[in-house]
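The values are calculated or read from the model by the stated rules, or taken from the named source; none is laboratory data. Quick caveat, the model's predicted, so the values are computed rather than measured. All Cβ positions, glycine included, derive from the backbone under ideal geometry; neighbour counts span all protein chains shown.
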Ligand SMILES: Nc1ncnc2c1ncn2[C@@H]1O[C@H](COP(=O)(O)OP(=O)(O)OP(=O)(O)O)[C@@H](O)[C@H]1O
Ligand SMILES: [Mg+2]
């Protein structure tokens with residue numbers, strides 16, 4: 001990589017590249033308080049289908065808490081609708097069933113089970129007790145498709161515990177795909193990955209992103225520059241800025257609070 005400025009790449013389109021305008025996830029006046037401390041403070045966020053939105057900001061900005069609130073893990077006030085349906089107040093599994101899935105900062109696959117078994121369990125999340133009792137004779141088409149998408153076909157019978165770090169993250173993404181998630185919230189998916197794994201992950205996110213909405217919480221600014229279609233900057237629980245990579249990088253408020261010298265730093269020196 002010699003030039004990583006957003007303007008030199010295929011132009012990232014704000015609100016997604018898929019050319020679709022259906023509103024997918026709409027967050028309004030969202031707040032989360034912990035004992036009076038507002039970790040998320042009146043956040044508005046509109047995510048479209050096809051968007052590959054990066055959510056960035058300093059440690060403690062409220063990024064993970066925002067994802068927790070959207071997925072029902074912490075109580076919040078305000079409104080979160082997916083294609084018009086209110087998610088706020090719904091239980092975690094209900095929200096997941098409505099197609100909103102997330103990964104955690106630390107990988108959470110079943111280490112002793114194979115890649116295929118992990119995907120099978122994830123696919124079973126939406127099945128009835130009766131369906132779960134019936135053993136599957138063949139691999140479900142959606143699992144085959146997911147295996148291909150995440151590039152782990154050859155490792156289908158490998159225990160997840162011995163997968164490389166990057167492959168575990170891809171398996172987790174595959175588990176969201178077989179659950180039919182249309183909104184994927186990924187918390188620092190490339191942390192600890194090699195450069196090659198990052199590139200592969202970015203390409204994977206592009207492959208799955210077109211028909212879905214993908215939100216990536218990240219501190220890796222090179223990764224953001226390479227793959228974001230739009231960026232939201234959180235600081236102290238509030239939305240500080242939003243726009244294309246070029247717009248947020250040029251924003252003096254963002255530079256002061258987060259990017260600082262990182263925006264101008266040569267590759268690999270952030
Ligand atoms: N369960 C909790 N109880 C009390 N305070 C919390 C809780 N979870 C998070 N916080 C606080 O809320 C704020 C936001 O935390 P959060 O984990 O959302 O930040 P973040 O943007 O994800 O940071 P990082 O980049 O370090 O992952 C922090 O000040 C944190 O200490
Ligand atoms: Mg976090």
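General observations
- Subset tally (residues that are under 27 Å from residue 92 (Cα atoms) and either within 16 Å of ligand 2 (Cβ to nearest atom) or surrounded by fewer than 19 Cβ atoms within 10 Å (Cβ to Cβ) (or both)) for region 185-212: 11
- Within region 225-238, if we keep just the residues that are surrounded by fewer than 22 Cβ atoms within 10 Å (Cβ to Cβ) and at negative phi, the residue that is nearest to ligand 2 (Cβ to nearest atom) turns out to be 235.
- Filtered by the rule that a residue be in contact with a strand residue (DSSP E or B) (Cβ under 6 Å, 6 or more places away or on another chain) and either outside any helix (DSSP H, G or I) or over 13 Å from residue 190 (Cα atoms) (or both), region 160-178 gives a lone residue, 176.
- Residue 4 under 29 Å from residue 203 (Cβ atoms), in contact with a helix residue (DSSP H, G or I) (Cβ under 8 Å, 6 or more places away or on another chain) and either modelled with pLDDT under 90 or outside any strand (DSSP E or B) (or both): yes
- Test result for residue 30, more than 15 Å from ligand 1 (Cβ to nearest atom) and touching a strand residue (DSSP E or B) at 6+ places or on another chain (Cβ under 7 Å): no
- With respect to the conditions (1) surrounded by 15 or more Cβ atoms within 10 Å (Cβ to Cβ); (2) modelled with pLDDT of 95 or more; (3) touching a helix residue (DSSP H, G or I) at 6+ places or on another chain (Cβ under 9 Å), residue 121 lacks only one, and its number is (2).
- Of the criteria (1) away from ligand 2 (no atom under 13 Å from the Cβ); (2) in contact with a helix residue (DSSP H, G or I) (Cβ under 9 Å, 6 or more places away or on another chain), which one residue 53 fails: (2)
- Taking region 27-36 as the range and being more than 16 Å from ligand 2 (Cβ to nearest atom) and over 12 Å from residue 77 (Cβ atoms) as the test, the residues that pass are 35, 36.
- Yes/no for residue 67 being under 20 Å from residue 29 (Cβ atoms), at pLDDT 95 or above and away from ligand 1 (no atom under 16 Å from the Cβ): no
- Residues satisfying the stated conditions in region 71-102, i.e. closer than 20 Å to residue 174 by Cα and within 16 Å of ligand 2 (Cβ to nearest atom): 71, 102
- Qualifying residue in region 45-62 (condition: surrounded by fewer than 17 Cβ atoms within 10 Å (Cβ to Cβ) and either within 22 Å of residue 178 (Cα to Cα) or more than 14 Å from ligand 1 (Cβ to nearest atom) (or both)): yes
- Subset of region 76-92 that is touching a residue at least 12 places away in the same chain (Cβ under 8 Å) and over 20 Å from residue 215 (Cβ atoms) - its residue that is surrounded by the fewest Cβ atoms within 10 Å (Cβ to Cβ): 91
Per-residue answers, yes or no, for (1) in contact with a helix residue (DSSP H, G or I) (Cβ under 7 Å, 6 or more places away or on another chain); (2) away from ligand 1 (no atom under 14 Å from the Cβ); (3) at pLDDT below 95; (4) assigned to a helix (DSSP H, G or I):
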site	(1), (2), (3), (4)
215	no, no, no, no
224	yes, no, no, yes
233	yes, no, no, no
241	yes, yes, no, no
267	yes, yes, yes, no
270	yes, yes, yes, no
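- Check on residue 106, surrounded by 15 or more Cβ atoms within 10 Å (Cβ to Cβ), within 30 Å of residue 139 (Cα to Cα) and within 16 Å of ligand 1 (Cβ to nearest atom): no
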